[in-house]
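The next block holds one structure in the form of structure tokens; read it before the comments.
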């Protein structure tokens with residue numbers, strides 16, 4: 001019994017050791033995909049100054065359901081009502097897992113290093129095609145592959161503009177959502193250069209912002225719904241001017257000669273004419289008439305926001321749309337909720353220079369207004385009597401799948417979830433999964449055996465024992481002769497010595513059989529028949 | 001442990017969930033989840049093998065070929081039902097199930113008992129053990145199986161068969177060999193007074209000589225003369241070569257039967273019987289009488305197995321000092337593969353022992369399992385006859401024992417070649 005207990009402990013010990021090693025191996029593998037040193041940022045579910053919790057909270061307060069996507073955008077294919085769903089991607093900080101998949105030509109390929117796999121990009125494109133709205137906020141991240149699907153490219157170089165906030169630094173750049181660039185007058189934007197959103201203002205004749213339809217209507221703030229950001233003095237005062245504050249931005253380009261998923265691609269915001277791009281990333285700007293090794297950087301006007309729509313009207317009811325912006329941090333709490341950030345009495349996002357020294361305060365901006373207008377246009381109900389209210393199935397999805405998580409288990413969970421979605425959403429992986437399931441079934445069928453029914457088997461091993469080698473030896477003439485002579489000796493009661501000393505003649509007379517005597521005395525060759533005959537005579541000899 | 005059914009259900013459940021995810025079919029996923037849930041819920045409802053087992057045997061010692069009656073009492077000592085519990089009593093494969101079954105499927109309530117009865121036939125001599133008791137509990141839908149065992153063993157000894165030996169056979173062939181009961185002038189169990197000696201712990205009180213105690217003041221006991229006809233020595237050849245033949249018919253099996261039968265015969269006549277078994281070593285049981293000696297001899301014979309190659313002369317040389325003078329010696333050996341047999345027999349005869357060689361014909365046992373060419377067989381037989389003739393010439397009585405011959409028949413052949 002004690003032995004059994006020891007054996008049990010040993011077995012448990014071995015099991016623990018085995019699973020521990022396996023876990024360590026698994027964690028080390030996962031660590032290759034998980035960048036633990038990265039600080040979590042741009043998450044709609046964290047409330048640091050560089051996260052987007054204020055934006056998400058505003059959306060929730062409007063009565064819109066918010067969800068996070070932690071595995072893969074492949075799940076967008078399962079959205080039941082894309083028309084009333086908005087997909088928001090802010091900052092793609094992590095590349096996708098490099099897993100094999102079918103490319104558009106049907107060949108097997110390993111996922112590129114552009115953040116999203118072809119299948120995921122297809123899923124996003126199909127979501128927008130189906131009437132969904134997408135907002136892509138990125139600068140130096142991995143959103144390039146999504147932009148390319150629409151004929152747009154993130155340059156990936158830092159952009160500097162003369163329209164920047166002096167109180168802060170040149171990284172904080174103003175962006176006016178209008179067709180013409182705005183300019184500075186001293187330390188603030190020149191009001192004479194401020195225009196309106198080209199489409200939302202209705203200047204194009206169609207596609208006006210739905211809140212503009214409520215302009216001038218008197219109502220309570222609670223009734224303002226998705227247009228509450230325009231509510232002032234008891235009525236909706238819609239204003240289509242937007243000065244957005246950006247930080248550390250890059251530029252967007254329309255890829256020449258490339259036709260994206262949508263034909264209708266519009267530039268919504270540009271820099272001033274004096275903007276520069278630090279192409280070689282040395283922190284200095286060297287520009288000339290030509291771009292060469294001495295003047296590698298670029299100078300001029302660059303795009304900051306591009307919108308691609310399924311239809312010219314860009315009306316959500318007519319089809320989907322996707323907006324690219326050249327800054328991943330446009331909606332972070334510090335800028336979006338600048339009042340809460342700057343408030344010295346109740347700083348919502350921790351201590352900062354503005355709170356403590358009243359310096360480097362985030363200036364007033366329209367980031368919140370623009371973002372909420374974007375949501376309002378996408379998710380406002382089109383039913384009569386529900387103007388200003390979100391539709392019943394309105395939903396905003398924040399893509400968190402490419403944000404490194406602080407907690408190790410959270411990232412592991414995301415990775416596992418990603419693999420699950422990958423294996424059930426990607427063609428090649430599904431094929432592989434089918435194969436694995438088939439093998440698993442086969443393995444169960446072949447390997448898994450039920451315990452055999454007990455039954456007693458009576459079994460005596462009927463072993464044999466003999467020496468077949470000696471049979472040949474005992475059929476040799478010499479051996480037969482030896483046996484015969486022993487018989488003669490025994491029969492006559494002679495000792496070995498007496499027998500050996502006996503003369504041949506005497507032996508012949510003792511044998512008294514000419515055939516046997518000849519056999520005993522004259523060694524010679526005998527045929528098989530002769531040998532058999534001799535053995536018979538020997539057997540009979542001495543009986544009488 | 002999961003059964004095949006459970007493994008299929010689980011794999012099927014997983015497959016349905018994954019395929020349901022692939023084709024976005026909620027019903028399929030729910031069905032898959034149901035399968036998994038079914039497994040999980042079933043794993044909660046499991047049986048147990050927490051039972052007490054008690055085995056009763058009709059005898060601890062049996063003779064080869066006898067029947068053994070076994071009864072197994074299984075009692076559920078826990079507070080739960082056992083669910084479907086299979087109980088299987090492990091019995092040696094050398095034993096044949098004659099009636100009844102050594103297994104049963106039970107569902108015992110708390111405190112409930114069940115009995116399993118079966119009968120075994122024991123065709124082989126030896127030391128055997130019945131047990132442990134294997135238990136296999138299954139849950140309701142046969143999705144999980146747990147196997148365990150109760151480490152409960154019952155040891156039994158199967159003695160060699162005892163054949164009737166007719167006194168007439170021995171007497172008629174060896175009229176001078178056994179001279180009738182005589183008192184040996186050596187201390188031992190008997191009826192006649194031998195001497196007085198001091199009491200030692202362990203001596204029975206009935207042997208105390210109270211008069212001597214009154215006279216000397218010391219406890220004295222009566223010693224008796226050993227009351228026996230004579231000492232009989234049986235030398236059994238258990239060398240490796242004795243395995244020739246089948247497991248049921250070979251020189252060793254026949255040797256053990258003859259040794260046991262002869263010992264029984266002579267012990268019944270109140271003779272002292274000694275047993276020496278030689279294989280790779282020599283084990284010796286000194287001469288003694290009575291049931292105890294009988295049991296010792298049978299136990300020794302039950303455990304004999306063929307091994308080693310000890311020559312007979314080494315045996316006789318090492319035992320020569322222990323042989324009582326003139327006592328009869330039975331050598332049970334095929335006399336194969338040992339060139340010292342004639343010399344050993346000659347020595348024994350020379351020292352005045354009545355030597356009887358009971359020799360199972362190994363070549364005929366070999367013939368049961370091998371196809372020996374006719375001529376080789378004849379020559380081998382001739383050589384064997386020469387060997388036996390030599391032994392007979394040395395003054396021993398030799399019995400050539402054929403496989404199909406009964407012991408009493410064989411003993412009738414005692415003759416000098």
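With chain B treated as a Gaussian network of Cα nodes joined by springs under 10 Å, which of B:301, B:31, B:368 yields the largest mean-square fluctuation? Its mean-square fluctuation being the largest, the pick is B:31.
Ellipticity at 222 nm from helices only: DSSP H runs of n ≥ 4 in the protein assembly as shown, each -39500 (n - 2.57), divided by the residue count, give -10000 deg cm²/dmol.
Of interest is the spacing of the C-alpha centroids, which for the range A:227-248 and the range B:305-380 amounts to 120 Å.
Rank by packing, highest mean first: peptides A:439-451, A:12-24, B:45-57, A:120-132, with packing defined as the count of other Cβ atoms within 10 Å averaged across residues.
Those peptides, ordered most packed to least, come out A:120-132, B:45-57, A:439-451, A:12-24.
Quick check: from the Cα gyration tensor, does the range A:474-517 come out rounded (a/c under 1.5), prolate or oblate? Oblate, since a/c reaches 1.5 and b/c is not below a/b. When the P(r) is computed for the range A:137-222, the part past 18 Å accounts for 65% of the Cα-Cα pairs. Just to check, using Stokes-Einstein with a Kirkwood Rh over alpha carbon pairs, what's the diffusion coefficient of the range B:4-44 at 4 °C and 1.567 mPa s in µm²/s? Here the translational diffusion coefficient equals 131 µm²/s.
Each peptide among A:536-542, A:521-527 gets the average number of other Cβ atoms lying within 10 Å of its residues, and from highest to lowest they stand as A:536-542, A:521-527.
Dividing the alpha-carbon radius of gyration of the range A:458-544 by the rule-of-thumb value 2.2 N^0.38 Å gives 1.39.
Solvent-free Debye calculation, one equal scatterer per alpha-carbon of chain B: log10 I(q)/I(0) at 0.10 Å⁻¹ equals -0.82. Angle check, please: helix B:374-393 long axis (alpha carbons) against the longest principal axis of chain B (alpha carbons), in degrees 0 to 90, nearest 10. Orientation of helix B:374-393: about 40 degrees from the principal axis.
Distance between the C-alpha centres of the range B:198-269 and the range A:430-463: 58 Å, rounded to the whole angstrom.
Each listed q (0.13, 0.17 Å⁻¹) maps to a log10 I(q)/I(0) for the range B:224-369 from the Debye sum over equal C-alpha point scatterers, namely -0.53, -0.90. Of interest is the spacing of the C-alpha centroids, which for the range A:125-194 and the range B:1-72 amounts to 64 Å.
In a fully extended conformation the segment linking residue B:191 and residue B:215 would gain 6.3 nm over its present Cα-Cα distance, using 0.36 nm per residue. Return the tail of the calculated pair distribution for the protein assembly as shown, meaning the percent of Cα-Cα pairs more than 49 Å apart. Roughly 58 percent, rounded to a whole number. For the peptide B:1-11, the mean number of other protein chain Cβ atoms found within 10 angstrom of a residue's Cβ is 4.
From other protein chains only, count the Cβ atoms within 10 Å of every residue's Cβ in B:357-367, then give the mean.
1
Averaged over residues, the count of other Cβ atoms within 10 Å places the peptides A:174-181, A:335-342 in the sequence A:174-181, A:335-342, highest first.
Let me confirm one metric for peptide B:91-103, namely the mean number of other chain beta-carbon atoms within 10 Å of its residues' beta-carbons.
The mean count of partner-chain Cβ atoms within 10 Å per residue comes to 3.
Among B:15, B:114, B:263, the residue with the largest mean-square fluctuation in a Gaussian network model of chain B, with springs joining Cα atoms closer than 10 Å, is B:15. Structure remark: mean-square fluctuation, Gaussian network model of chain B, C-alpha springs under 10 Å; the largest value among B:41, B:345, B:257 belongs to B:41.
All of the numbers you see were taken from the coordinates with simple rules; none came from a lab. The structure presented is a predicted model; accordingly, all values stated were derived computationally and were not measured. Because the Cβ atoms are built from the backbone with ideal geometry, glycine has one as well, and the counts that use them run over all protein chains shown.
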